[in-house]
Ligand code: SF4
Ligand code: SF4
């Protein structure tokens with residue numbers, strides 16, 4: 001946990017809220033609030049050892065928008081990625097989608113649900129297989 005906090009610069013957060021203003025989760029999820037926001041997740045990660053267990057860490061899109069506007073160089077994306085890796089290491093994967101070919105966890109359940117709701121059948125199998133398996137399939141098709 002300490003390594004994740006250090007790598008993301010989370011301790012440098014001054015709680016200005018700029019990341020919250022640009023975070024797309026505000027428009028994606030009706031239950032968006034402080035606990036789900038990048039500022040809330042950062043704050044709680046600094047004070048709470050078991051945040052990786054909470055479903056809220058799987059709502060992030062990984063867009064990096066909050067990092068780009070942060071005056072302190074804090075990376076909400078890297079922090080949340082780190083928490084997800086920790087969750088997977090600890091066997092907490094209820095919120096992940098696993099690739100239907102290789103079985104690896106590759107995308108978060110809440111993000112897939114949002115995309116499917118918006119795009120419906122247009123998502124086809126893109127949300128079922130990881131990018132490595134898709135690359136492999138593409139290479140085989142074009143060999
Ligand atoms: S923009 Fe940076 S300093 Fe401001 S609340 Fe977000 S993480 Fe903290
Ligand atoms: S990386 Fe995640 S927390 Fe940060 S702005 Fe994007 S969706 Fe929000």
Task: Residues located in region 1-17, provided they are surrounded by fewer than 19 Cβ atoms within 10 Å (Cβ to Cβ) and either touching a residue at least 60 places away in the same chain (Cβ under 8 Å) or assigned to a helix (DSSP H, G or I) (or both) - done: 1, 2, 3, 5, 6, 7, 9, 11, 12
- [ ] Report yes if residue 71 is assigned to a helix (DSSP H, G or I) and either in the same structural domain as residue 135 (by TED's automatic domain parsing) or touching a residue at least 40 places away in the same chain (Cβ under 8 Å) (or both), otherwise no.
- [x] no
Open item on the list: Suppose we filter 99, 85, 133, 63 for residues that are modelled with pLDDT of 85 or more, in contact with a helix residue (DSSP H, G or I) (Cβ under 6 Å, 6 or more places away or on another chain) and either on the phi < 0 side of the Ramachandran plot or outside the structural domain of residue 15 (by TED's automatic domain parsing) (or both); which single one remains?
Closed with: 99
Task: Where residue 80 falls short, out of the listed (1) closer than 18 Å to residue 113 by Cβ; (2) out of contact with any strand residue (DSSP E or B) (no Cβ under 8 Å at 6 or more places or on another chain); (3) more than 13 Å from ligand 1 (Cβ to nearest atom); (4) part of a helix (DSSP H, G or I) - done: (3)
- [ ] Quick one: in region 30-44, of everything that is part of a loop (DSSP other than H, G, I, E, B) and more than 14 Å from the chain's Cα centre (by Cα), which residue is farthest from ligand 1 (Cβ to nearest atom)?
- [x] 30
Open item on the list: Can you pull out every residue in region 18-29 that is within 13 Å of ligand 1 (Cβ to nearest atom) and in a loop (DSSP other than H, G, I, E, B)?
Closed with: 23
Task: Single match in 133, 76, 70, 102 (criterion: buried (at least 17 other Cβ atoms within 10 Å of the Cβ) and more than 27 Å from residue 23 (Cα to Cα)) - done: 133
Open item on the list: Yes or no: region 49-59 includes at least one residue that is in contact with a strand residue (DSSP E or B) (Cβ under 8 Å, 6 or more places away or on another chain) and either away from ligand 1 (no atom under 15 Å from the Cβ) or not assigned by TED's automatic domain parsing to the domain that holds residue 115 (or both).
Closed with: yes
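The values are calculated or read from the model by the stated rules, or taken from the named source; none is laboratory data. The model shown is predicted, which means the values in this text are computed figures rather than measured ones. As a convention, Cβ positions derive from the backbone with ideal geometry for all residues, glycine included, and neighbour counts pool all protein chains shown.
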